[in-house]
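J.: Just passing along the structure, written as structure tokens.
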Amino acid sequence: MLPWKRVLRPAAALLLAVAATLTPAATASAVTPATTSGWNDYSCKPSAAHPRPVVLVHGTLGNSVDNWLGLAPYLVRRGYCVFSLDYGQLPNVPFFHGLGPIDKSAVQLDAFVDKVLAATGAPEADLVGHSQGGMMPRHYLKFLGGATEVNALIGIAPDNHGTTLLGLTKLLPYFPGAEDLLTANTPGLADQIAGSAFLTRLNEGGDTVPGVRYTVIATKYDQVVTPYRTQYLDGPGVRNVLLQDLCPVDFSEHVAIGLIDRIAFHEVANALDPARATPTTCASVTG
């Protein structure tokens, strides 16, 4: 049982303060990715320059549209075949996903990647995930054979080693109405608490699996996954990036880094195509 009423009090004031600013994002959920800016186009064939499709994995309380209204068009304009999925749905809870058991969410990701690879004809995909979406794919890579289907995993503010319940509740102000929909039975949140059985098993024996490149993009202003260094991974083929090392005046926190931060987006593009990477600086916001 998660003690929602006790731990949600600190978030309640913030919920009221920001709800009015998020109406456009809430209504955007009615739009399908294929009709927004060209992603989830199953006729897309990867080019020689970008031979792997990119699968975007949303975060807790996110969905396949709202989480990617910034990054998906950014990548489509650069010639990538881009796809996104919904996962971790609870019964009778629309729009707010990523709340179901994370091992079952990884099974959904496995099936979605298979679908994308079949449609595009590509042998491998690259994964980009925000928050839980940057951590959950590691279960797919480690336990479901995903390492044979994935070239790279790029995590934007991923909770690779967990966070506190209070940290997770700090997401609620960004999703008006979410608090009313949550119950004590939200295994996707419980799995993300530092020290959970899920995370203990995931991180046993090392953070990475052979054959996959890993990138973690973090911000020191993250208020959800704290301390931010717990997002980092150890192992071969890992690059841990702190936004403020690239642009000291980037003040993005946990939500902004995934939704609107074009400096982070530039670093995602570098991680997807390291052979053509260009320096990421404060000027990358205009790129």
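J.: Would you point out the residue of the range 109-137, among those that are in a helix (DSSP H, G or I) and in contact with a Leu (Cβ under 6 Å, 6 or more places away or on another chain), that is least open to solvent (accessible area, probe 1.4 Å)? Write out each step before concluding.
T.: From the range 109-137, those in a helix (DSSP H, G or I) are 109-120, 132-135, 137; that's our starting set.
Subset that is in contact with a Leu (Cβ under 6 Å, 6 or more places away or on another chain): 110, 112, 137.
Values: Asp110: 33, Phe112: 27, Pro137: 0 Å².
Result: Pro137.
J.: Condition (residue is small (Gly, Ala, Ser) and at pLDDT below 95) applied to the range 74-88: is it met by at least one residue? If you could, list the steps in order and put the result at the bottom.
T.: Here is the first cut: in the range 74-88, the residues small (Gly, Ala, Ser) are 79, 84, 88.
Filter once more, so that each one left must be at pLDDT below 95: none.
For the range 74-88, residues small (Gly, Ala, Ser) and at pLDDT below 95: absent.
J.: Please list, ordered by first then second residue, the pairs with beta carbon atoms under 9 Å, 6 or more apart or interchain, first in the range 183-200 and modelled with pLDDT of 90 or more, second surrounded by fewer than 19 Cβ atoms within 10 Å (Cβ to Cβ) and of a type in the set (S, T, N, Q).
T.: If the second residue must be surrounded by fewer than 19 Cβ atoms within 10 Å (Cβ to Cβ) and of a type in the set (S, T, N, Q), the pairs left are Ile193/Thr164; Ala194/Thr164; Ala194/Thr230.
J.: Looking at Ala147, Ala118, which is the one that is touching a Gly at 6+ places or on another chain (Cβ under 9 Å), of a type in the set (Gly, Ala, Ser) and over 21 Å from Asn63 (Cβ atoms)? Lay out the reasoning, then the answer.
T.: Numbers: Ala118 fails: touching a Gly at 6+ places or on another chain (Cβ under 9 Å).
Among Ala147, Ala118, only Ala147 is touching a Gly at 6+ places or on another chain (Cβ under 9 Å), of a type in the set (Gly, Ala, Ser) and over 21 Å from Asn63 (Cβ atoms).
J.: Does at least one position in the range 206-219 carry a residue that is touching a helix residue (DSSP H, G or I) at 6+ places or on another chain (Cβ under 8 Å), modelled with pLDDT under 95 and not in a helix (DSSP H, G or I)?
T.: No.
J.: Report the residue count in the range 258-286 for those that are open to solvent by 30 Å² or more (accessible area, probe 1.4 Å) and within 22 Å of the chain's Cα centre (by Cα).
T.: Filtering the range 258-286 down to residues open to solvent by 30 Å² or more (accessible area, probe 1.4 Å) leaves 259-260, 262, 274-279, 281-283, 285-286.
Now drop any that are not within 22 Å of the chain's Cα centre (by Cα), which leaves 259-260, 262, 274, 277, 285.
Here the count works out to 6.
J.: Now for a separate question. Of the residues Ala157, Ala152, Ala218, Ala190, only one is closer than 21 Å to Gln89 by Cβ, among the small types (Gly, Ala, Ser) and buried (at least 17 other Cβ atoms within 10 Å of the Cβ); which?
T.: After applying the criteria, what remains is Ala190.
J.: Would you check if Gly98 is modelled with pLDDT of 95 or more, in a loop (DSSP other than H, G, I, E, B) and closer than 17 Å to Phe265 by Cβ?
T.: Spelling it out, it is not the case that Gly98 is modelled with pLDDT of 95 or more, in a loop (DSSP other than H, G, I, E, B) and closer than 17 Å to Phe265 by Cβ.
J.: Using the structure shown, decide if Asp234 is open to solvent by less than 20 Å² (accessible area, probe 1.4 Å), among the charged types (D, E, K, R) and either farther than 20 Å from Leu75 by Cα or part of a loop (DSSP other than H, G, I, E, B) (or both). Steps first, please.
T.: Numbers: open to solvent by less than 20 Å² (accessible area, probe 1.4 Å): no; among the charged types (D, E, K, R): yes; either farther than 20 Å from Leu75 by Cα or part of a loop (DSSP other than H, G, I, E, B) (or both): yes.
No: the conditions fail for Asp234.
J.: Can you find a residue in the range 237-256 that is within 28 Å of Asn63 (Cβ to Cβ), in a helix (DSSP H, G or I) and open to solvent by less than 40 Å² (accessible area, probe 1.4 Å)?
T.: yes
J.: State whether the residues of the range 77-88 include one that is touching a residue at least 40 places away in the same chain (Cβ under 8 Å), more than 16 Å from the chain's Cα centre (by Cα) and crowded, with 19+ Cβ neighbours inside 10 Å.
T.: Checking the range 77-88: at least one residue is touching a residue at least 40 places away in the same chain (Cβ under 8 Å), more than 16 Å from the chain's Cα centre (by Cα) and crowded, with 19+ Cβ neighbours inside 10 Å.
J.: Test each condition in (1) part of a helix (DSSP H, G or I); (2) modelled with pLDDT of 95 or more; (3) crowded, with 19+ Cβ neighbours inside 10 Å for Leu168 and report the one that comes out false.
T.: If we test Leu168 against (1) part of a helix (DSSP H, G or I); (2) modelled with pLDDT of 95 or more; (3) crowded, with 19+ Cβ neighbours inside 10 Å, just (2) comes out false.
The values are calculated or read from the model by the stated rules, or taken from the named source; none is laboratory data. On a predicted model such as this, the values are computed, not experimentally measured, just so you know. Using ideal geometry, Cβ is built from the backbone for each residue, glycine included, and neighbour counts are taken over all protein chains shown. Just the protein is used for accessible areas: all its heavy atoms, side chains included, with ligands, DNA and RNA removed. Shrake-Rupley method; radii C 1.70, N 1.55, O 1.52, S 1.80 Å.
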